[in-house]
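Trainee: Here's a structure for you.
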Amino acid sequence: MIRVHNLTYAYEKGDSPVLEDLNLHIAEGEYIALIGSNGCGKTTLIRHLNGLLIPSVGEVQVDELNTRDSKSLLEIRRRVGMAFQNADNQIVGMSVEEDVAFGPGNLRLSSVEVCRRVERALDMVGMTGLRTRPPHTLSGGQKQLLALAGLLAMEPKIIVLDEPTASLDPEGKKRVLTLLKKLNCQGLGIIHVTHSMEEAALAERVLVMDQGKLIADGNPGEILSRVEWLKTLGLAPPHISELMWQLKKGGEDLSTSIFTIEDAVEEITALLARLRSSSKAYLPQKADEHV
Ligand code: ADP
């Protein structure tokens with residue numbers, strides 16, 4: 001759906017490029033996490049995906065539309081919705097429903113269609129009961145959900161989110177992440193820029209950037225298990241990957257492509273069973289054998 005071809009970008013003519021010869025294909029319905037240390041170019045890249053920035057060299061195409069073609073920009077932005085870290089900056093309405101209606105209201109749709117979209121979007125983010133609330137009275141998590149509702153009301157094919165959970169408390173994070181998973185299951189494409197490797201683990205594909213280049217592209221198991229490599233990039237691996245890696249380094253026969261608690265429990269339980277059945281190992285069968 002999105003094709004990035006030989007993308008190079010410098011903010012000022014003559015400056016060294018912030019993005020260098022980047023190539024990327026994104027299919028419909030993918031859930032992608034984009035990771036990389038601060039300043040490596042993640043925001044600059046995603047701003048190219050809906051034509052907020054235009055390549056210095058190369059092309060970005062959304063379906064058959066090129067971001068260089070100014071006549072296509074409205075349609076590109078309808079297909080590729082984008083939300084940024086600070087939800088406060090994206091609020092435009094005096095009430096929740098007015099805010100959500102703002103985007104579709106600018107699409108020359110009938111008022112019936114605008115209402116339908118607002119209803120649907122509020123329902124999707126679970127905010128129907130807050131429709132009359134002034135947005136400034138919402139919590140940080142609710143404001144981020146409101147920003148998402150505004151995007152969804154545009155009925156995009158893909159949404160691009162720049163650290164949507166960065167300023168949220170654990171409950172707010174959980175709500176946003178659960179919603180992203182649900183929306184993706186319903187067919188919506190997601191590109192999620194994040195610093196959290198735990199959040200990256202929720203995606204089906206992880207892209208890694210370093211110094212303006214795309215340096216890795218794989219599933220979370222492949223990428224997040226590379227514990228030492230992630231650290232050299234200034235990224236903190238998921239705690240579970242780190243634990244499995246330390247155990248493996250200690251000589252245990254374990255898979256390191258594991259980053260969820262459930263999978264780790266299963267893997268370690270299987271290891272303990274193997275150790276028990278091995279004549280060399282001494283492990284108590286039950287806790288009371290020690291008494
Ligand atoms: P990330 O999102 O990975 O933190 P950014 O894309 O924000 O990285 O920034 C990449 C580089 O581009 C950084 O060196 C940053 O200082 C620079 N940069 C970002 N925005 C601008 C801008 N508007 N003008 C000039 N340089 C910028």
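Trainee: Can you pull out the residues in segment 80-90 that are assigned to a helix (DSSP H, G or I) and open to solvent by 40 Å² or more (accessible area, probe 1.4 Å)?
Mentor: Of the residues in segment 80-90, the ones assigned to a helix (DSSP H, G or I) are 87-90.
Of everything in segment 80-90, those that are assigned to a helix (DSSP H, G or I) and open to solvent by 40 Å² or more (accessible area, probe 1.4 Å) turn out to be Asp88, Asn89, Gln90.
Trainee: Would you mind finding the one in Gly189, Gly218, Gly212, Gly129 that is touching an Asp or Glu at 6+ places or on another chain (Cβ under 7 Å), among the small types (Gly, Ala, Ser) and either over 25 Å from Ala27 (Cβ atoms) or more than 16 Å from the ligand (Cβ to nearest atom) (or both)?
Mentor: The conditions single out Gly189.
Trainee: Arg108 fails exactly one of the following numbered conditions: (1) surrounded by fewer than 16 Cβ atoms within 10 Å (Cβ to Cβ); (2) within 28 Å of Thr43 (Cβ to Cβ); (3) of a type in the set (Lys, Arg). What is the number of that condition?
Mentor: (2)
Trainee: Looking only at residues in segment 1-32 that are within 15 Å of the ligand (Cβ to nearest atom) and surrounded by fewer than 15 Cβ atoms within 10 Å (Cβ to Cβ), which one is nearest to Val193 (Cα to Cα)?
Mentor: Residue satisfying both the conditions and the ranking: Tyr11.
Trainee: In the set Met94, Met124, which member is assigned by TED's automatic domain parsing to the domain that holds Met154 and open to solvent by less than 50 Å² (accessible area, probe 1.4 Å)?
Mentor: It is Met124.
Trainee: Let me ask something else about it. Before we move on, is Ser278 over 30 Å from Val18 (Cβ atoms) and open to solvent by 50 Å² or more (accessible area, probe 1.4 Å)? Spell out the reasoning first.
Mentor: Values: over 30 Å from Val18 (Cβ atoms): yes; open to solvent by 50 Å² or more (accessible area, probe 1.4 Å): no.
It is false that Ser278 is over 30 Å from Val18 (Cβ atoms) and open to solvent by 50 Å² or more (accessible area, probe 1.4 Å).
Trainee: Then there's this: For segment 63-78, does any single residue satisfy the condition of being at pLDDT 95 or above, β-branched (Val, Ile, Thr), within 16 Å of the ligand (Cβ to nearest atom) and assigned by TED's automatic domain parsing to the domain that holds Val206?
Mentor: no
Trainee: Within segment 52-60, is even one residue part of a strand (DSSP E or B), open to solvent by less than 30 Å² (accessible area, probe 1.4 Å), without any contact (Cβ under 8 Å) to a residue 60 or more places away in the chain and small (Gly, Ala, Ser)? Step through it out loud before you land on a result.
Mentor: Step one: filter segment 52-60 for residues part of a strand (DSSP E or B), giving 57-60.
Subsequent filtering for residues that are open to solvent by less than 30 Å² (accessible area, probe 1.4 Å) retains 58, 60.
Next, from what is left, pick out any that are without any contact (Cβ under 8 Å) to a residue 60 or more places away in the chain: 58, 60.
Still in the list and also small (Gly, Ala, Ser): 58.
There is at least one residue in segment 52-60 that is part of a strand (DSSP E or B), open to solvent by less than 30 Å² (accessible area, probe 1.4 Å), without any contact (Cβ under 8 Å) to a residue 60 or more places away in the chain and small (Gly, Ala, Ser).
Trainee: I would also like to ask the following. Can you tell which of Thr256, Thr260, Thr269 is hydroxyl-bearing (Ser, Thr, Tyr) and open to solvent by 60 Å² or more (accessible area, probe 1.4 Å)?
Mentor: Working: Thr256 fails: open to solvent by 60 Å² or more (accessible area, probe 1.4 Å); Thr260 fails: open to solvent by 60 Å² or more (accessible area, probe 1.4 Å).
Answer to the check: Thr269.
Trainee: From the list Leu230, Leu207, exactly one residue is among the aliphatic types (A, V, I, L, M) and either more than 13 Å from Lys42 (Cβ to Cβ) or open to solvent by 10 Å² or more (accessible area, probe 1.4 Å) (or both). Which is it? If you could, list the steps in order and put the result at the bottom.
Mentor: Values: Leu207 fails: either more than 13 Å from Lys42 (Cβ to Cβ) or open to solvent by 10 Å² or more (accessible area, probe 1.4 Å) (or both).
The conditions single out Leu230.
Trainee: Do you know which of the residues in segment 35-49 that are open to solvent by 10 Å² or more (accessible area, probe 1.4 Å), assigned to a loop (DSSP other than H, G, I, E, B) and on the phi < 0 side of the Ramachandran plot is farthest from the ligand (Cβ to nearest atom)?
Mentor: Looking at residues that are open to solvent by 10 Å² or more (accessible area, probe 1.4 Å), assigned to a loop (DSSP other than H, G, I, E, B) and on the phi < 0 side of the Ramachandran plot, I get Ser37.
The values are calculated or read from the model by the stated rules, or taken from the named source; none is laboratory data. Just so it is clear, the structure is predicted and the values come from calculations on it, not from any experiment. Quick reminder, even Gly has a Cβ in these numbers, built from the backbone with ideal geometry, and neighbours come from all protein chains shown. Heavy atoms of the whole protein, side chains included, go into the accessibility calculation; ligands, DNA and RNA do not. Shrake-Rupley method; radii C 1.70, N 1.55, O 1.52, S 1.80 Å.
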